[in-house]
Amino acid sequence: MKLKQVVLIGSAIMCVFATSALAAQMSVEPVYQEAFQGDNITVNVTVATEGAENIYAASYTLYFNNTLLNATSLDKGPFLTQDGNPSNIPDPPTGIDNAAGAIKYGECKAGVVPGITGYGVLSTITFQVIGEEGISQLDLSDLNLALLYSAPPEYVPVPTTLNNGTCEIGAIIKQTPTSTPPTTATIVTASVQTPTAILNTPAPTATVIRTTATLPSPSPSPPSTILISPTTTASKPPSEEESEENNKLSGFKAVFTITGLFILLILKKGM
């Protein structure tokens, strides 16, 4: 009896692990983001089929903190139409309820067609940040007891793992403006050199101005005695002819003089 219970428990655990291994994923992306009051943020709800196949329909409810966030739009993503076949969005239940802080979304492929296998964006949601500070969880939940459904004819719920998101609203740090002295513009004037014309002007000519100076008349002064001293006048050197004549005359005069002296001596002795 105990052995039977152990086997049943083990089988149940194996079934749980097998189900988890084959479960599809529905996630909020990005998982975490930060924003400030007045910002607009966007989140995607994505689906990854992983071990599951032929996803034909999908639905969810996303809850958020309506004191921090206000949902402004909900748009269909390309996940269920990536094969080119159309899909339908029932309204209701699809819609935004900001008063309840909830967004409901449902989408189903049209016609009898194969389902989708793979990864894609199921829908896109835009929020406006209205709160000043806080954290808003973005929590996914099933809409009608299921999130994903397989394609007909089975059309049964597909086990799905949910991955929620978080948005943190940060406080804006207000800086006190400091008064700064007004800046005065400094005007810098660049000096511009203007070319000057060089003229060829003739060289200036000297002008002689003759002036007549009027000399003052001398005042009468007592007569002064003028002494005239003889001055020796330099004579011109005699020429050669004159020198010879002078020499002859000198010789003659010398003879005449000696003769006269001799006569005078004789006369004195006779007396």
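Read the figures in this text as sums done on the coordinates, not as results from a lab. Given the structure is predicted, the values throughout are model-derived calculations rather than measurements. For neighbour counting, all protein chains shown are included, and Cβ atoms are generated from backbone atoms with ideal geometry for every residue, glycine included.
Report the extension gain between residue 100 and residue 264 in nm, rounded to one decimal, defined as 0.36 nm multiplied by the number of residues separating them, less their alpha carbon distance.
Numbers: separation 164, 0.36 × 164 = 59.04 nm, distance 19.02 nm.
Length gained, residue 100 through residue 264: 40.0 nm.
Taking amide H positions as placed in the peptide plane 1.01 Å from N, state which residues far from residue 39 in sequence (5 or more) or on other chains have amide H under 5 Å from it.
Answer set, sorted by chain and number: 129.
Under a plain spin-label model, where a point goes 7 Å from the Cα along Cα-to-Cβ, how far apart in nm are residue 32 and residue 135?
For the pair residue 32/residue 135, the computed spacing is 0.9 nm.
Please report the projected area of the range 2-170's Cα convex hull averaged over all directions, in nm².
With every direction weighted equally, the projected area is 11.7 nm².
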